[in-house]
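Data block below; observations after.
Taken together, the values in this text are just the output of simple stated rules run on the coordinates, not laboratory data. All of these numbers come straight from a predicted model, not from anything done at the bench. Note: ideal-geometry Cβ built from the backbone for every residue, glycine included; neighbour counts use all protein chains shown.
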Amino acid sequence: MVPLRRRKLLHNHKPPSNAKNGKSSKEETWDPKFHIGTRFREAFLGENGGGERLFSGHVAAYDGPASLYHVRYEDGEEEEMDEDKLEEIVV
């Protein structure tokens, strides 16, 4: 698995607010193709030559400025992936 890169995740798909005046730094919003809760299944090869194993998970958050999805697998692992990767494994 790819380690999770630390960054603020945007659960509401809007830019972070400016701490000085409480207004958005930009008036843009993001409309991700896959929304929070979208389910997926991804295959991984087992250790020591083991067979393929499927892991289910869901989209937990979307980082609009980086265009990355934060995903959580059923076994508790988490990672970020781009839309192209997620599109390949969505069920």
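Details
- Scanning region 57-70 for residues that are in contact (Cβ under 8 Å) with a residue 24 or more places away in the chain and closer than 9 Å to Phe40 by Cα turns up just one, Val59.
- Among the residues of region 67-76, the one identified as more than 16 Å from His35 (Cβ to Cβ) and surrounded by 15 or more Cβ atoms within 10 Å (Cβ to Cβ) is Tyr73.
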